Amino acid sequence: MPTGTTGSGVILASYTWEDDTLPWDSLTEADRIRNALDDLATVHGQHIYNEFITGITHSWAQYPYSGGAFSMFKPEQQIELAPFISAPEGRIHFAGEHASTSPGWIQGAVESGIRVAHEVNDLPNTFANE
Ligand SMILES: Cc1cc2nc3c(=O)[nH]c(=O)nc-3n(C[C@H](O)[C@H](O)[C@H](O)COP(=O)(O)OP(=O)(O)OC[C@H]3O[C@@H](n4cnc5c(N)ncnc54)[C@H](O)[C@@H]3O)c2cc1C
């Protein structure tokens with residue numbers, strides 16, 4: 001372990017999508033981990049083989065209970081469309097990763113949910129005097 005660090009940690013060694021996933025998908029779990037370790041060793045040195053404790057991989061393409069997608073803007077689209085995507089339409093407010101500053105990520109879904117909660121909470125109470 002490098003000087004000055006203690007304990008163990010976790011590293012996301014590869015986050016791969018689109019056609020780049022195909023070579024990984026065809027490998028066994030053990031070979032995926034071995035490939036990731038080899039890549040890490042190229043960057044950080046051979047000592048990572050000794051420090052490695054355990055690893056896991058996950059292929060969403062091979063997972064039977066998931067599907068779907070997320071928004072992916074083309075260049076300039078996010079700047080151009082964002083104000084309209086997240087603008088309320090009457091009493092309807094829009095949350096979701098696509099209506100955030102981090103489209104395509106859970107971070108964006110949470111961020112937009114908080115925004116919409118504030119929008120709704122900050123509405124004038126039209127029932128107060130009824
Ligand atoms: C394969 C894959 C891997 C991903 N990996 C990561 C990752 O590693 N890290 C990360 O940050 N993000 C990841 N994402 C993206 C992340 O999952 C999304 O950004 C996030 O889930 C979006 O949340 P959301 O609430 O906006 O939408 P969703 O999670 O899609 O929720 C929308 C919900 O609305 C429901 N719904 C749809 N239509 C109707 C209707 N008419 N009536 C009622 N309900 C309806 C749907 O069933 C769904 O439950 C991944 C996405 C995919 C597809």
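The values are calculated or read from the model by the stated rules, or taken from the named source; none is laboratory data. None of the values given here were measured: they were computed from a predicted structure. All Cβ positions, even for glycine, are placed from backbone atoms using ideal geometry, and neighbour counts span all protein chains on display.
Identify, by number, the condition in (1) more than 30 Å from residue 7 (Cα to Cα); (2) surrounded by 11 or more Cβ atoms within 10 Å (Cβ to Cβ); (3) within 15 Å of the ligand (Cβ to nearest atom) that residue 119 doesn't meet.
Single failed check for residue 119: (3).
Check segment 3-14 and report whether any residue there is surrounded by 14 or more Cβ atoms within 10 Å (Cβ to Cβ) and either under 23 Å from the mean Cα position of the chain (by Cα) or among the small types (Gly, Ala, Ser) (or both).
Just the residues of segment 3-14 that are surrounded by 14 or more Cβ atoms within 10 Å (Cβ to Cβ), to begin with: 13-14.
Within this subset, residues satisfying the condition of being either under 23 Å from the mean Cα position of the chain (by Cα) or among the small types (Gly, Ala, Ser) (or both) are 13-14.
Taking every residue of segment 3-14 in turn, at least one turns out to be surrounded by 14 or more Cβ atoms within 10 Å (Cβ to Cβ) and either under 23 Å from the mean Cα position of the chain (by Cα) or among the small types (Gly, Ala, Ser) (or both).
List every residue pair whose Cβ atoms lie under 6 Å apart, where the two residues are 6 or more positions apart in sequence or sit on different chains, the first residue falls within segment 52-73 and is closer than 17 Å to residue 25 by Cβ, and the second residue, located anywhere, is within 7 Å of the ligand (Cβ to nearest atom) and of a type outside the set (Phe, Trp, Tyr).
60/66
Take the conditions assigned to a helix (DSSP H, G or I) and under 23 Å from residue 23 (Cα atoms) and apply them to residue 82. Does it pass? Give the derivation first.
Numbers: assigned to a helix (DSSP H, G or I): yes; under 23 Å from residue 23 (Cα atoms): no.
No: the conditions fail for residue 82.
Just to verify a result, which residue in segment 87-98, among those that are part of a loop (DSSP other than H, G, I, E, B) and at pLDDT 95 or above, is nearest to residue 17 (Cα to Cα)?
So in segment 87-98, the residues part of a loop (DSSP other than H, G, I, E, B) come out as 87-88, 90-91, 93-96.
Filter once more, so that each one left must be at pLDDT 95 or above: 87-88, 93-96.
Details: 87: 31, 88: 32, 93: 31, 94: 27, 95: 25, 96: 21 Å.
Checking each candidate, the answer is 96.
Being charged (D, E, K, R) and surrounded by 12 or more Cβ atoms within 10 Å (Cβ to Cβ) is the filter here, so list the residues in segment 81-116 that pass it. Before you say what the answer is, go through the steps one by one.
Keep residues of segment 81-116 that are charged (D, E, K, R), which gives 89, 91, 97, 111, 115.
Once the filter is applied, which keeps residues that are charged (D, E, K, R) and surrounded by 12 or more Cβ atoms within 10 Å (Cβ to Cβ), segment 81-116 yields 97, 111, 115.
Can you confirm whether residue 42 is surrounded by 10 or more Cβ atoms within 10 Å (Cβ to Cβ), at negative phi, within 16 Å of the ligand (Cβ to nearest atom) and not small (Gly, Ala, Ser)?
Numbers: surrounded by 10 or more Cβ atoms within 10 Å (Cβ to Cβ): yes; at negative phi: yes; within 16 Å of the ligand (Cβ to nearest atom): no; not small (Gly, Ala, Ser): yes.
So residue 42 does not fit the description; no.
Filter segment 74-98 down to the residues that are within 15 Å of the ligand (Cβ to nearest atom) and not hydroxyl-bearing (Ser, Thr, Tyr) and list them by number.
Listed by number, the residues that qualify are 78, 82, 85, 92, 93, 94, 95, 96, 97, 98.
Among the residues that make up segment 55-73, is at least one of them in a loop (DSSP other than H, G, I, E, B), more than 30 Å from residue 7 (Cα to Cα) and either away from the ligand (no atom under 13 Å from the Cβ) or in contact with a Leu (Cβ under 9 Å, 6 or more places away or on another chain) (or both)? Break it down into steps so the answer makes sense when it comes.
So in segment 55-73, the residues in a loop (DSSP other than H, G, I, E, B) come out as 55-59, 63-73.
Remaining after also requiring more than 30 Å from residue 7 (Cα to Cα): 63-73.
Remaining after also requiring either away from the ligand (no atom under 13 Å from the Cβ) or in contact with a Leu (Cβ under 9 Å, 6 or more places away or on another chain) (or both): 73.
The answer is yes; a qualifying residue exists.
Scanning for something near the ligand (Cβ under 8 Å from one of its atoms), among the aromatic types (Phe, Trp, Tyr) and part of a loop (DSSP other than H, G, I, E, B), does segment 99-106 turn up at least one residue?
Checked against the condition, which is being near the ligand (Cβ under 8 Å from one of its atoms), among the aromatic types (Phe, Trp, Tyr) and part of a loop (DSSP other than H, G, I, E, B), segment 99-106 yields at least one hit.
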